[in-house]
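*Asks:* Here it is: the structure, laid out below.
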Amino acid sequence: LSPSPAPPLPLEVFVVDNASTDGSAAMVRERFPWVRLIENTENVGFARANNQALREAVGRYAMLLNSDTEVLPGALQTLVDFMDAHPGAGACGPLLLNADGSLQPSCHPVLTAGREFWRLLFLEKLWPRATYPQHRWDRETPRPVEVIKGACLLLRREALAQVGLLDGEYFMYTEEMDLCYRLLQAGWENYWVPQAQIIHYGEASSKQMAEAMFVQLYHSKVQFQRKFFGEREARRFKRLLCLAYFPRAALMAAAATFAPQFASRARTYRRLLRELPRW
(Lines give C-alpha, C1' and ligand atoms only; values in the text may rest on other atoms or scores of the structure.)
Protein backbone atom coordinates (compact mmCIF):
# COMPACT_ATOMS: atom_id res chain seq x y z
CA LEU A 1 0.00 0.00 0.00
CA SER A 2 1.22 3.48 -0.80
CA PRO A 3 1.40 5.93 2.10
CA SER A 4 -1.49 8.32 2.56
CA PRO A 5 -0.84 11.77 1.11
CA ALA A 6 0.01 14.49 3.59
CA PRO A 7 -2.94 16.72 4.46
CA PRO A 8 -2.89 20.05 2.66
CA LEU A 9 -1.53 23.03 4.53
CA PRO A 10 -4.19 25.30 6.04
CA LEU A 11 -3.80 28.57 4.17
CA GLU A 12 -5.26 32.03 3.99
CA VAL A 13 -4.52 33.83 0.73
CA PHE A 14 -4.48 37.59 0.32
CA VAL A 15 -4.32 39.50 -2.95
CA VAL A 16 -3.55 43.20 -2.65
CA ASP A 17 -4.52 45.10 -5.79
CA ASN A 18 -2.56 48.35 -6.08
CA ALA A 19 -5.13 50.27 -8.14
CA SER A 20 -4.69 48.14 -11.26
CA THR A 21 -6.71 49.00 -14.37
CA ASP A 22 -6.59 45.66 -16.19
CA GLY A 23 -9.51 43.97 -14.46
CA SER A 24 -7.33 41.93 -12.11
CA ALA A 25 -9.43 42.59 -9.03
CA ALA A 26 -12.66 41.61 -10.79
CA MET A 27 -11.01 38.41 -12.04
CA VAL A 28 -9.94 37.48 -8.50
CA ARG A 29 -13.46 38.09 -7.15
CA GLU A 30 -15.03 35.98 -9.88
CA ARG A 31 -12.59 33.07 -10.14
CA PHE A 32 -11.19 32.91 -6.60
CA PRO A 33 -13.97 33.95 -4.20
CA TRP A 34 -12.12 32.34 -1.28
CA VAL A 35 -9.23 34.79 -1.61
CA ARG A 36 -9.20 37.80 0.68
CA LEU A 37 -8.97 40.70 -1.75
CA ILE A 38 -7.70 44.11 -0.67
CA GLU A 39 -8.34 46.82 -3.27
CA ASN A 40 -6.39 50.06 -3.05
CA THR A 41 -7.58 53.20 -4.78
CA GLU A 42 -3.98 54.25 -5.45
CA ASN A 43 -0.63 52.54 -5.88
CA VAL A 44 0.81 52.66 -2.37
CA GLY A 45 3.96 50.76 -3.31
CA PHE A 46 5.17 47.22 -2.76
CA ALA A 47 6.03 47.44 0.94
CA ARG A 48 2.87 49.19 2.13
CA ALA A 49 0.64 46.91 0.06
CA ASN A 50 2.24 43.78 1.49
CA ASN A 51 1.99 45.20 4.99
CA GLN A 52 -1.78 45.53 4.56
CA ALA A 53 -2.03 41.76 4.16
CA LEU A 54 0.60 40.99 6.81
CA ARG A 55 -1.39 42.91 9.41
CA GLU A 56 -4.51 40.83 8.72
CA ALA A 57 -2.81 37.43 8.37
CA VAL A 58 -3.03 35.14 11.41
CA GLY A 59 -0.79 32.18 10.49
CA ARG A 60 2.43 31.30 12.26
CA TYR A 61 4.21 31.99 8.96
CA ALA A 62 3.57 34.59 6.27
CA MET A 63 4.75 34.30 2.69
CA LEU A 64 5.39 37.21 0.35
CA LEU A 65 4.79 35.94 -3.19
CA ASN A 66 4.93 37.93 -6.41
CA SER A 67 2.05 37.71 -8.84
CA ASP A 68 4.41 36.58 -11.63
CA THR A 69 5.40 33.32 -9.92
CA GLU A 70 4.37 29.67 -10.15
CA VAL A 71 4.69 27.55 -7.02
CA LEU A 72 5.87 24.09 -8.05
CA PRO A 73 4.43 21.00 -6.29
CA GLY A 74 5.66 20.54 -2.75
CA ALA A 75 7.51 23.85 -2.55
CA LEU A 76 5.34 25.47 0.08
CA GLN A 77 5.28 22.37 2.29
CA THR A 78 9.07 22.08 2.00
CA LEU A 79 9.59 25.67 3.16
CA VAL A 80 7.19 25.28 6.08
CA ASP A 81 8.80 21.98 7.13
CA PHE A 82 12.20 23.65 7.07
CA MET A 83 11.03 26.52 9.28
CA ASP A 84 9.39 24.08 11.70
CA ALA A 85 12.68 22.19 11.99
CA HIS A 86 14.84 25.33 12.39
CA PRO A 87 13.38 27.58 15.10
CA GLY A 88 16.27 30.03 14.73
CA ALA A 89 15.30 30.82 11.13
CA GLY A 90 13.45 34.09 10.77
CA ALA A 91 12.99 33.73 7.04
CA CYS A 92 13.67 31.36 4.18
CA GLY A 93 13.30 31.34 0.43
CA PRO A 94 13.27 28.80 -2.40
CA LEU A 95 15.38 28.11 -5.43
CA LEU A 96 14.01 30.42 -8.12
CA LEU A 97 13.85 29.34 -11.75
CA ASN A 98 13.37 31.29 -14.97
CA ALA A 99 10.58 30.23 -17.31
CA ASP A 100 13.04 28.10 -19.30
CA GLY A 101 14.12 26.20 -16.17
CA SER A 102 17.45 27.98 -15.77
CA LEU A 103 18.65 29.17 -12.39
CA GLN A 104 17.60 32.64 -11.27
CA PRO A 105 19.49 34.44 -8.47
CA SER A 106 17.33 34.28 -5.36
CA CYS A 107 19.61 35.53 -2.56
CA HIS A 108 22.62 37.81 -2.16
CA PRO A 109 24.85 39.50 0.42
CA VAL A 110 23.77 42.74 2.07
CA LEU A 111 24.39 45.75 -0.17
CA THR A 112 27.38 47.97 0.61
CA ALA A 113 28.95 50.78 -1.38
CA GLY A 114 32.07 48.69 -2.00
CA ARG A 115 30.13 45.66 -3.20
CA GLU A 116 28.00 47.73 -5.56
CA PHE A 117 31.02 49.50 -7.04
CA TRP A 118 32.83 46.18 -7.44
CA ARG A 119 29.84 44.81 -9.37
CA LEU A 120 29.61 47.90 -11.57
CA LEU A 121 33.29 47.53 -12.46
CA PHE A 122 32.46 44.08 -13.90
CA LEU A 123 34.76 42.36 -11.41
CA GLU A 124 32.07 40.11 -9.97
CA LYS A 125 32.96 37.12 -12.15
CA LEU A 126 36.59 37.27 -11.02
CA TRP A 127 35.69 37.31 -7.32
CA PRO A 128 32.03 37.36 -6.24
CA ARG A 129 31.45 40.01 -3.58
CA ALA A 130 27.99 41.41 -4.37
CA THR A 131 26.43 38.09 -5.38
CA TYR A 132 26.56 34.44 -4.38
CA PRO A 133 27.90 31.74 -6.75
CA GLN A 134 24.58 29.91 -6.62
CA HIS A 135 25.29 27.97 -9.80
CA ARG A 136 27.95 26.08 -7.84
CA TRP A 137 25.83 25.41 -4.77
CA ASP A 138 24.46 21.98 -3.91
CA ARG A 139 20.73 21.96 -4.64
CA GLU A 140 20.04 19.45 -1.88
CA THR A 141 21.52 21.45 0.98
CA PRO A 142 19.97 24.55 2.56
CA ARG A 143 22.45 27.23 3.53
CA PRO A 144 22.34 30.46 5.53
CA VAL A 145 22.33 33.63 3.44
CA GLU A 146 22.05 37.33 4.16
CA VAL A 147 19.24 38.50 1.86
CA ILE A 148 16.43 36.55 0.21
CA LYS A 149 14.72 37.90 -2.88
CA GLY A 150 11.21 39.20 -2.22
CA ALA A 151 9.65 37.29 -5.12
CA CYS A 152 9.08 34.49 -2.60
CA LEU A 153 9.94 35.00 1.05
CA LEU A 154 8.57 32.94 3.94
CA LEU A 155 8.65 34.80 7.26
CA ARG A 156 8.22 33.62 10.84
CA ARG A 157 5.45 35.53 12.60
CA GLU A 158 7.45 35.64 15.85
CA ALA A 159 10.39 37.24 14.02
CA LEU A 160 8.14 39.81 12.34
CA ALA A 161 6.65 40.72 15.70
CA GLN A 162 10.17 41.44 16.96
CA VAL A 163 11.65 43.41 14.05
CA GLY A 164 8.54 44.90 12.46
CA LEU A 165 6.99 44.69 9.00
CA LEU A 166 8.38 45.97 5.71
CA ASP A 167 9.52 49.58 5.78
CA GLY A 168 6.88 51.55 3.89
CA GLU A 169 9.36 54.35 3.14
CA TYR A 170 10.58 52.22 0.24
CA PHE A 171 8.13 52.56 -2.63
CA MET A 172 9.63 49.69 -4.60
CA TYR A 173 12.82 47.60 -4.38
CA THR A 174 15.22 46.94 -1.47
CA GLU A 175 12.42 46.54 1.10
CA GLU A 176 13.13 42.81 1.41
CA MET A 177 16.84 43.48 1.97
CA ASP A 178 15.91 45.97 4.68
CA LEU A 179 13.75 43.34 6.40
CA CYS A 180 16.30 40.53 6.02
CA TYR A 181 19.04 42.77 7.43
CA ARG A 182 16.89 43.67 10.44
CA LEU A 183 16.31 39.97 11.05
CA LEU A 184 20.06 39.33 11.02
CA GLN A 185 20.65 42.24 13.38
CA ALA A 186 18.09 40.78 15.80
CA GLY A 187 19.86 37.41 15.83
CA TRP A 188 17.64 35.49 13.41
CA GLU A 189 18.99 33.50 10.45
CA ASN A 190 17.87 33.59 6.81
CA TYR A 191 18.10 30.45 4.69
CA TRP A 192 18.08 29.45 1.05
CA VAL A 193 16.15 26.17 0.74
CA PRO A 194 16.80 24.78 -2.77
CA GLN A 195 14.59 21.69 -2.38
CA ALA A 196 11.66 24.10 -2.74
CA GLN A 197 11.43 25.42 -6.31
CA ILE A 198 9.36 28.28 -7.70
CA ILE A 199 9.28 29.76 -11.20
CA HIS A 200 9.60 33.53 -11.32
CA TYR A 201 8.59 34.79 -14.74
CA GLY A 202 9.41 38.45 -14.16
CA GLU A 203 13.19 38.05 -14.25
CA ALA A 204 13.06 36.37 -17.64
CA SER A 205 10.77 38.99 -19.18
CA SER A 206 12.51 42.09 -17.83
CA LYS A 207 16.17 41.74 -18.63
CA GLN A 208 16.38 45.49 -19.09
CA MET A 209 14.37 47.62 -16.68
CA ALA A 210 12.37 50.61 -17.83
CA GLU A 211 13.92 54.00 -17.10
CA ALA A 212 11.71 54.88 -14.12
CA MET A 213 12.18 51.46 -12.55
CA PHE A 214 15.96 51.63 -12.94
CA VAL A 215 16.11 55.03 -11.25
CA GLN A 216 13.75 53.91 -8.49
CA LEU A 217 15.98 50.90 -7.82
CA TYR A 218 18.95 53.13 -7.10
CA HIS A 219 16.86 55.58 -5.11
CA SER A 220 15.94 52.68 -2.81
CA LYS A 221 19.55 51.55 -2.57
CA VAL A 222 20.58 55.03 -1.43
CA GLN A 223 17.76 54.95 1.16
CA PHE A 224 19.09 51.66 2.49
CA GLN A 225 22.64 53.00 2.83
CA ARG A 226 21.46 56.09 4.68
CA LYS A 227 19.16 54.17 7.03
CA PHE A 228 21.66 51.57 8.20
CA PHE A 229 25.10 53.10 7.61
CA GLY A 230 24.50 56.84 7.94
CA GLU A 231 24.62 59.95 5.79
CA ARG A 232 28.36 59.75 5.22
CA GLU A 233 28.09 56.26 3.71
CA ALA A 234 25.09 57.32 1.61
CA ARG A 235 27.17 60.14 0.12
CA ARG A 236 30.04 57.73 -0.54
CA PHE A 237 27.62 55.36 -2.23
CA LYS A 238 26.36 58.15 -4.50
CA ARG A 239 29.90 59.25 -5.38
CA LEU A 240 30.81 55.71 -6.42
CA LEU A 241 27.64 55.51 -8.52
CA CYS A 242 28.69 58.70 -10.29
CA LEU A 243 32.14 57.25 -10.97
CA ALA A 244 30.55 54.13 -12.44
CA TYR A 245 27.79 55.74 -14.48
CA PHE A 246 29.44 58.87 -15.92
CA PRO A 247 31.58 56.76 -18.31
CA ARG A 248 28.56 54.59 -19.14
CA ALA A 249 26.43 57.60 -19.98
CA ALA A 250 29.15 59.07 -22.22
CA LEU A 251 29.78 55.74 -23.93
CA MET A 252 26.10 55.10 -24.59
CA ALA A 253 25.61 58.65 -25.91
CA ALA A 254 28.51 58.18 -28.31
CA ALA A 255 27.24 54.77 -29.39
CA ALA A 256 23.76 56.19 -29.99
CA THR A 257 25.10 58.39 -32.80
CA PHE A 258 25.81 55.21 -34.75
CA ALA A 259 23.22 52.83 -33.26
CA PRO A 260 19.97 54.49 -32.10
CA GLN A 261 19.06 51.54 -29.88
CA PHE A 262 21.58 52.83 -27.32
CA ALA A 263 19.83 56.19 -26.95
CA SER A 264 17.35 54.99 -24.31
CA ARG A 265 20.13 53.57 -22.16
CA ALA A 266 22.09 56.82 -22.41
CA ARG A 267 18.97 58.74 -21.37
CA THR A 268 18.42 56.43 -18.39
CA TYR A 269 21.99 56.88 -17.15
CA ARG A 270 21.77 60.67 -17.55
CA ARG A 271 18.56 60.73 -15.54
CA LEU A 272 20.17 58.70 -12.76
CA LEU A 273 23.16 61.06 -12.59
CA ARG A 274 20.85 64.09 -12.64
CA GLU A 275 18.66 62.84 -9.78
CA LEU A 276 21.36 61.32 -7.54
CA PRO A 277 22.36 64.62 -5.84
CA ARG A 278 18.75 65.20 -4.67
CA TRP A 279 18.47 61.90 -2.79
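The values are calculated or read from the model by the stated rules, or taken from the named source; none is laboratory data. All figures in this text were calculated on a predicted structure; none of them were measured in a lab. Here the Cβ is made from the backbone with ideal geometry for all residues, glycine too, and neighbour counts use every protein chain on show. These accessible areas exclude ligands, DNA and RNA; they are computed on the full protein's heavy atoms, side chains included. Shrake-Rupley method; radii C 1.70, N 1.55, O 1.52, S 1.80 Å.
*Asks:* Averaging sequence separations of C-alpha pairs under 8 Å and six or more residues apart, then dividing by the length of the stretch 133-279, give the relative contact order as a whole percent.
*Replies:* Numbers: 124 pairs, mean separation 31.2, N = 147.
About 21 percent, as a whole number.
*Asks:* Follow-up. Let me know the volume per residue of the alpha-carbon convex hull for the stretch 50-118, in Å³.
*Replies:* Details: hull volume 10.9 nm³, N = 69.
In the stretch 50-118, the Cα convex hull volume per residue is 157 Å³.
*Asks:* Size of the dipole of the stretch 97-137 about the Cα centre, Lys and Arg at +1 and Asp and Glu at -1 on the beta carbon, nothing else charged, in debye to 20? Walk me through the intermediate numbers first.
*Replies:* On the way: 5 positive and 3 negative charges, 33 e Å.
About 160 debye.
*Asks:* Is the stretch 96-181 rounded, prolate or oblate when judged by the Cα gyration tensor, a ≥ b ≥ c being the square roots of its eigenvalues, rounded requiring a/c under 1.5 and prolate requiring a/b larger than b/c? All intermediate terms of the calculation are to be shown ahead of the outcome.
*Replies:* Numbers: a/c = 1.89, a/b = 1.29, b/c = 1.46.
It comes out oblate by the Cα gyration axes.
*Asks:* Once R0 is set to 45 Å, what does the formula 1/(1 + (r/R0)^6) return for the Cβ-Cβ distance between Phe229 and Leu251, expressed as a FRET efficiency to the nearest 0.05?
*Replies:* Details: r = 30 Å, r/R0 = 0.67.
So, using R0 = 45 Å, E works out to roughly 0.90.
*Asks:* The list (1) 20.5; (2) 18.6; (3) 19.5 gives values of Kirkwood radius over Cα pairs in Å, and only one came from this structure; which label was calculated from it?
*Replies:* Only one listed value fits the structure, namely (1).
*Asks:* While we're here: Evaluate the charge dipole of the stretch 213-276 about its Cα centre and quote only its size in Debye, nearest 20, assuming +1 on the Cβ of each Lys and Arg and -1 on the Cβ of each Asp and Glu.
*Replies:* 140
*Asks:* Please compute the contact order of the chain in relative form: average sequence separation of alpha-carbon pairs under 8 Å and at least six residues apart, divided by the residue count, as a percent. Intermediate results must be reported in sequence, preceding the final value.
*Replies:* Numbers: 413 pairs, mean separation 58.9, N = 279.
Across the chain, relative contact order equals 21 percent.
*Asks:* Now for a different question. What whole-number value in Å² describes the accessible area per residue of the stretch 139-256 for a 1.4 Å probe? Spell out each step's value before the answer.
*Replies:* Numbers: 5290 Å² over 118 residues.
Roughly 45 Å² per residue, with all protein chains present.
*Asks:* Tell me which GluC sites (Glu not before Pro) from the stretch 189-279 have a DSSP coil assignment and no more than 16 other beta carbons within 10 Å of their own.
*Replies:* On the way: sites: Glu189, Glu203, Glu211, Glu231, Glu233, Glu275; in loops: none.
Answer by residue number: there is no such site.
*Asks:* State in Å² the accessible area per residue of the stretch 1-77; use a 1.4 Å probe, count heavy atoms of protein chains only, and round to the nearest integer.
*Replies:* Numbers: 5370 Å² over 77 residues.
Here the per-residue accessible area is 70 Å².
*Asks:* Something else: Round to the nearest 10 and give me the degree value, 0 to 90, for the angle of helix 231-256's Cα axis relative to the longest principal axis of the chain.
*Replies:* It works out to around 70 degrees.
*Asks:* Could you give the nm distance between label points at Ala259 and Val110, where each point is 7 Å from its Cα heading toward the beta carbon?
*Replies:* It works out to 4.0 nm between the two label points.
*Asks:* Where does each of Ile198, Ile38 land when they are ordered by accessible area, with a 1.4 Å probe and the largest first? It would help to have the intermediate numbers written out before the result.
*Replies:* Values: Ile198 0, Ile38 25 Å².
So the residues, ranked largest to smallest area, are Ile38, Ile198.
*Asks:* Now, a different point. What full-extension length gain, to one decimal in nm, is calculated for Leu11 and Arg143 as 0.36 nm per residue of separation minus the Cα-Cα distance? Before the final figure, lay out the partial values.
*Replies:* Numbers: separation 132, 0.36 × 132 = 47.52 nm, distance 2.63 nm.
Separation in residues times 0.36 nm, less the Cα-Cα distance, equals 44.9 nm.
*Asks:* In addition: Carbon and sulfur: what percent of the stretch 127-258's accessible surface (1.4 Å probe)? Walk me through the numbers before you get to the answer.
*Replies:* Details: 3640 of 6430 Å².
Roughly 57 percent, rounded to a whole number.
*Asks:* Starting at the first residue of the stretch 139-152, write each ³J(HN,Hα) from the Karplus equation 6.51 cos²θ - 1.76 cosθ + 1.60 with θ = phi - 60°, in whole Hz, x for Gly and Pro.
*Replies:* 7, 10, 10, x, 8, x, 9, 8, 10, 10, 4, x, 4, 8
*Asks:* Using only Cα atoms, find the angle between the long axis of helix 46-56 and the longest principal axis of the chain, and express it within 0 to 90 degrees, rounded to the nearest 10.
*Replies:* 20
*Asks:* In addition: Taking the simple approach of a point 7 Å from Cα along Cα-to-Cβ for both Asp22 and Ser67, what is their distance in nm?
*Replies:* Spacing of the two 7 Å Cα→Cβ label points: 0.7 nm.
*Asks:* Angle between the Cα long axis of helix 175-185 and the longest principal axis of the chain, 0 to 90 degrees, nearest 10?
*Replies:* So the helix axis and the longest Cα principal axis differ by about 70 degrees.
*Asks:* Next question, about the same structure. Going by Cα centres, the stretch 85-122 and the stretch 214-273 are how many Å apart?
*Replies:* Rounded to whole Å, the Cα centres lie 22 Å apart.
*Asks:* So if we plug the beta-carbon distance of Leu121 and Leu37 into 1/(1 + (r/R0)^6) with R0 = 51 Å, what FRET efficiency do we get, rounded to 0.05? Don't skip to the answer; put the middle values down first.
*Replies:* Numbers: r = 46 Å, r/R0 = 0.90.
That pair, Leu121 with Leu37, gives E of 0.65.
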